[in-house]
Amino acid sequence: MKRRNFVLLASAGVVAVSIPAVNYFFYGIPDYDKKLSIPQLLSLIWDEEKILSIGAKYSETFAEENSERDLARALFADPLNQSYDKLEEMTQADFDEGRMVIIDGWVLSKTEARQCALHHLQNQKA
Amino acid sequence: MHVDARKLPANSIIEGDICIIGTGPAGLSMAMDWMNTPYNVMLLESGGFEYDDKVQDMLAGESTGQRYFPLRSTRLSQFGGTSGHWAGMCSPFDDIDFEKRDWVPDSEWPITRKELEPYYERAHQPLKLGPYKYDLPYWQTQAPNLNPFPLDEKVIWNKIWQLSNVAGWKGGFMPAYKDSIVNAKNIHLHTYATVVAIAANESVNSIQELVIKNSTNNTHKVRAKHFVLATGAIQNARMLLAANEQAKKGLGNDNDLVGRYFMEHLEVDTAEMWLLKPFPTDLNTFNQKLMFWNELAIRKEVQREEKILNGTCGLAPTAYARNKTPVIDTWQNEDPRKSLDNFFNSWHEAEEKAKTLSQGAITRAFTFQTRMEQSPNPDSRVTLSEKKDALGVPLANLNWALTPLDKRSLRRINQIIAKEVGKAGIARIKLHDFLVDENDDSFPKSTNAGWHHMGTTRMGTTPKEGVVDIHCQVHGINNLHVAGSGCYVTAGAPNPTLTLVAFALRLSDRIKERMKLNS
Ligand SMILES: Cc1cc2nc3c(=O)[nH]c(=O)nc-3n(C[C@H](O)[C@H](O)[C@H](O)COP(=O)(O)OP(=O)(O)OC[C@H]3O[C@@H](n4cnc5c(N)ncnc54)[C@H](O)[C@@H]3O)c2cc1C
């Protein structure tokens with residue numbers, strides 16, 4: 001095998017087996033379960049379309065967070081503690097400590113608003 | 001005893017001990033308090049026992065500033081006054097409403113809430129309310145399932161209203177009290193007796209007589225030891241301002257306060273609360289059996305910390321509220337009966353439309369109707385028009401003016417509750433568009449008021465601070481008194497009538513005391 005092909009294959013293999021690691025090392029995006037970007041509580045009252053539109057508006061309003069890396073870092077800072085329960089805990093803490101944002105009139109916890117934005121970005125990529 | 005003043009011979013002189021002008025909740029509650037006393041009470045009313053368009057005409061007027069209801073249809077001129085149309089919602093003011101609030105300009109009352117307490121209880125009688133109980137635990141013993149939302153009690157509390165059994169839809173005060181007033185020997189009810197002038201003595205420190213008139217164009221005079229203006233806050237101011245022959249600026253108006261500080265309640269749809277899960281409770285719906293209603297209120301400590309006005313949020317199903325025409329739009333007809341019909345029709349239409357939204361999360365959504373005081377504002381005022389009514393009295397004009405504090409408070413109240421329901425994990429809240437921009441102090445044209453007129457003859461310890469003194473006597477005029485919500489320094493969050501009847505009864509006691517001392 002020519003050296004060039006090997007390099008290509010090898011690198012493809014690396015990419016194939018550990019996107020998360022690459023994401024983390026090259027883009028700084030922490031490993032997280034994509035499903036966790038759907039805010040559980042909000043999905044009790046909203047459909048996906050609404051979550052996406054609120055996410056888009058959040059990204060527009062908070063342009064400095066308009067990247068998967070920033071949002072995932074904010075939401076999944078602790079790689080060993082990622083779950084809906086953890087996100088709900090963070091949501092609760094947001095309300096307790098007054099970390100709320102108003103998007104399209106909705107008074108939301110910063111965490112759940114970020115989840116919407118992350119979901120919106122994932123949806124754009126897909 | 002009843003006299004139709006249209007049938008009196010010209011230039012009659014009517015004499016008594018006390019003369020009460022107006023038979024709305026203020027005037028009638030007072031008059032009934034004097035029944036079976038040794039005193040002769042002259043009770044004067046512009047209208048009769050039925051609605052009369054010509055009499056109602058005298059209530060017409062123009063409005064500037066924040067869009068308002070037509071002045072002509074926002075009151076009723078007949079026996080029973082505006083109680084013929086009122087909804088009967090009653091709740092007392094809170095302690096904080098009477099306290100000094102340095103973030104609310106001109107808000108300090110010269111009396112405390114405690115001084116009014118015994119009169120609140122007494123006011124339940126003429127208003128035909130239930131027991132004088134406004135705490136949730138009491139009502140929970142009366143009916144099952146009155147579960148409050150699990151909100152932080154240091155921030156939110158449940159404020160109770162009672163519904164009067166003499167509400168407009170039951171005919172108001174007229175059917176309840178007409179017979180007893182007409183049959184009372186010492187009460188001399190004169191219908192079609194519109195007061196058109198107030199004459200004082202030479203030094204303008206005592207009223208000598210009133211001039212009354214009606215469509216016959218005959219004039220009559222009414223003499224008494226004490227005179228009580230109980231014609232509603234707009235009319236009371238109009239009458240004082242129009243009495244400008246002996247006092248150039250009007251009676252009691254040396255300090256240019258009469259008509260100023262007109263206040264209304266904002267009763268505005270402000271937000272939607274979407275419950276994450278069903279929450280079984282009967283607390284937040286109108287309880288027809290108990291004649292009871294509840295709203296979410298903000299603790300006074302939080303109001304102090306946030307520097308906001310007092311307000312509460314009532315809940316209406318969002319499916320219904322979204323389909324409801326703003327009340328201010330439904331109530332634009334100059335004829336109060338037609339406005340009332342439009343108003344009820346819009347309810348029924350909204351109810352019908354709401355039926356199409358009977359599935360999904362919207363069934364757990366409730367719209368907040370925020371009921372809030374406005375801050376006392378000297379530019380919000382009643383003045384005299386150039387135009388006159390058929391009896392020659394200048395009409396009233398109104399400039400209803402709101403302030404940035406009003407808007408900020410309305411927004412904050414809803415944001416505070418949004419935070420609390422989030423903390424409790426029970427719901428999320430969507431603010432209505434007009435509240436979103438923190439820099440926007442304006443109020444949309446659709447802003448509703450409550451038909452509550454307050455503050456045009458405000459109470460103050462000195463004539464510089466108020467038109468009436470702490471006993472509701474016009475400063476400097478020893479036998480002229482004002483009964484009604486015009487005397488309020490601040491508007492509180494709840495509807496005004498329970499409090500104004502309490503004040504009327506307090507005034508009643510005061511005049512009785514003075515009569516006794518003088519006899
Ligand atoms: C649609 C509607 C709903 C309402 N709902 C509520 C509610 O739920 N709860 C609440 O607390 N309040 C409510 N209100 C407000 C309530 O009706 C008033 O607060 C109350 O009627 C005021 O009582 P009053 O006696 O001061 O004045 P009014 O009831 O207005 O009575 C004044 C009387 O004075 C007479 N008068 C006026 N000028 C003269 C004159 N020159 N000579 C002789 N007589 C005169 C008038 O004809 C009238 O009969 C509502 C009002 C409306 C219109």
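The values are calculated or read from the model by the stated rules, or taken from the named source; none is laboratory data. This is a predicted model, so every value here is computed, not measured. In this analysis, Cβ positions are derived from the backbone assuming ideal geometry, glycine residues included, and neighbour counts consider all displayed protein chains. Ligands, DNA and RNA are excluded from the accessible area calculation, which covers all protein heavy atoms including side chains. Shrake-Rupley method; radii C 1.70, N 1.55, O 1.52, S 1.80 Å.
Note on the range B:467-490 and the range B:163-194: Cα centroid distance 24 Å, given to the nearest whole angstrom.
Taking the average, over residues, of other Cβ atoms within 10 Å as the packing measure, peptides B:342-350, B:321-329, B:445-453 rank B:445-453, B:321-329, B:342-350 from highest down. For chain B, DSSP calls about 70 percent of its internal beta bridges antiparallel. Proximity of backbone amide H atoms, modeled 1.01 Å from N, is registered between B:MET89 and B:SER164 at under 5 Å, excluding neighbours fewer than 5 places apart on the same chain. Summed over both chains, the accessible area lost when B and A associate is about 1500 Å², using a 1.4 Å probe. Using a 1.4 Å probe on the heavy atoms of the protein chains only, list every residue of the range B:429-447 that has 10 Å² or more less accessible area in the complete assembly than in its chain alone. SASA drop of 10 Å² or more in the range B:429-447: B:ILE429, B:LYS430, B:LEU431, B:VAL436. Per residue of A:103-112, other chain Cβ atoms within 10 Å of the residue Cβ number 5 on average. Think of a 1.4 Å ball rolled over the protein heavy atoms: chain B then has 38 Å² of accessible area per residue. Solvent-accessible area assigned to carbon and sulfur over chain B amounts to 49 percent, based on a 1.4 Å probe. Per residue, the average separation of C-alpha pairs within less than 8 Å and at least 6 apart gives the range A:33-125 a relative contact order of 46 percent. Computed from Cα atoms, the angle from the helix B:113-123 axis to the main principal axis of chain B rounds to 80 degrees. The phi torsions of the range B:133-138, fed into the Karplus equation with coefficients 6.51, -1.76 and 1.60 and a -60° offset, translate into couplings of 9, 10, 10, 4, x, 4 Hz, rounded to whole numbers, with Gly and Pro shown as x. For the pairs B:LYS7/B:LYS54; B:LYS133/B:LYS289; B:LYS170/B:LYS213; B:LYS154/B:LYS419, flag any whose C-alpha to C-alpha distance is greater than 21 Å. Flagged as over cut-off: B:LYS170/B:LYS213. Seen from A:ILE102, the other residues with C-beta closer than 15 Å to its C-beta sum to a net charge of +1, counting Lys and Arg as +1 and Asp and Glu as -1.
Inter-part distance, the range B:1-60 to the range B:334-402, computed on C-alpha centroids, equals 29 Å. Per-residue Karplus couplings for the range B:223-231, computed as 6.51 cos²θ - 1.76 cosθ + 1.60 with θ equal to phi - 60°, are listed in order as 10, 7, 7, 10, 10, 10, 7, 10, 9 Hz, Gly and Pro entered as x.
Contact order for chain B, expressed relative to its length and based on alpha carbon pairs under 8 Å spaced 6+ residues apart, stands at 24 percent.
The alpha-carbon positions of the range B:251-384 define a convex hull whose volume is 187 Å³ per residue.
Quantify how much of the Cα-Cα distance distribution of the range B:54-126 extends past 17 Å, in percent. Of all Cα-Cα distances in the range B:54-126, 66 percent exceed 17 Å. Take each residue of peptide B:70-79, count the partner chain Cβ atoms within 10 Å of its Cβ, and average: the result is 0.
In terms of the Cα gyration tensor, with a ≥ b ≥ c the square roots of its eigenvalues, is the range A:33-125 rounded because a/c is under 1.5, prolate because a/b exceeds b/c, or oblate? Rounded. Using a probe radius of 1.4 angstrom, the carbon and sulfur fraction of the accessible surface of the range A:33-125 is 47%.
Simple rule: put +1 on each Lys or Arg Cβ and -1 on each Asp or Glu Cβ in the range B:284-425, find the dipole, and look at B:TYR320, B:HIS348, B:ALA390; the Cα lying farthest toward the positive end is B:TYR320. The shape of the range B:392-497 can be summarised by an equivalent ellipsoid whose semi-axes, obtained from the alpha carbon gyration tensor, come to 37, 17, 12 Å from longest to shortest. Computed from the alpha carbon atoms alone, the convex hull of the protein assembly as shown holds 162 Å³ per residue. Here the translational diffusion coefficient of the range B:330-419 follows from Stokes-Einstein with Rh set to the Kirkwood radius across Cα pairs; for 10 °C and 1.306 mPa s it amounts to 90 µm²/s.
Put simply, the amide H of B:LEU43, placed in the peptide plane, has neighbours under 5 Å in B:ILE20, B:HIS188, B:LEU189, B:HIS190, leaving out anything fewer than 5 places away on its chain. Above 36 Å, the calculated P(r) of chain B contains 29 percent of its Cα-Cα pairs. With the helix formula -39500 (n - 2.57) applied to DSSP H stretches of n ≥ 4, chain B reaches a computed 222 nm mean residue ellipticity of -7500 deg cm²/dmol. Taking Lys and Arg as +1 and Asp and Glu as -1, the other residues whose beta-carbon sits under 12 Å from that of B:GLU115 total +1. DSSP finds beta bridges in the protein assembly as shown, and of those with both partners inside it, around 70 percent are antiparallel. Distances between placed amide hydrogens fall under 5 Å for B:ALA396 paired with B:SER385, all partners being 5 or more residues away or on another chain.
Computed about its Cα centre, the charge dipole of the protein assembly as shown is approximately 440 debye, with only Lys, Arg, Asp and Glu carrying charge at their Cβ. Stretching the chain fully between B:HIS348 and B:LYS464 yields a gain of 36.9 nm (0.36 nm per residue, less the alpha carbon separation).
Neighbours of A:GLN92 by Cβ distance under 14 Å: Lys/Arg scored +1, Asp/Glu scored -1, total -3. Taking the Cα centre of the protein assembly as shown as the origin and placing charges on Cβ (Lys, Arg +1; Asp, Glu -1), which of B:ILE308, B:GLY48, B:THR141 is farthest toward the positive end of the dipole? Ranked along the dipole, the leading option is B:GLY48. As a calculated quantity, the FRET efficiency between B:SER12 and B:TRP103 at R0 = 56 Å, using C-beta atoms, amounts to about 0.55. Counting, for every residue in B:415-421, the Cβ atoms of other protein chains within 10 Å of its Cβ and taking the mean gives 3.
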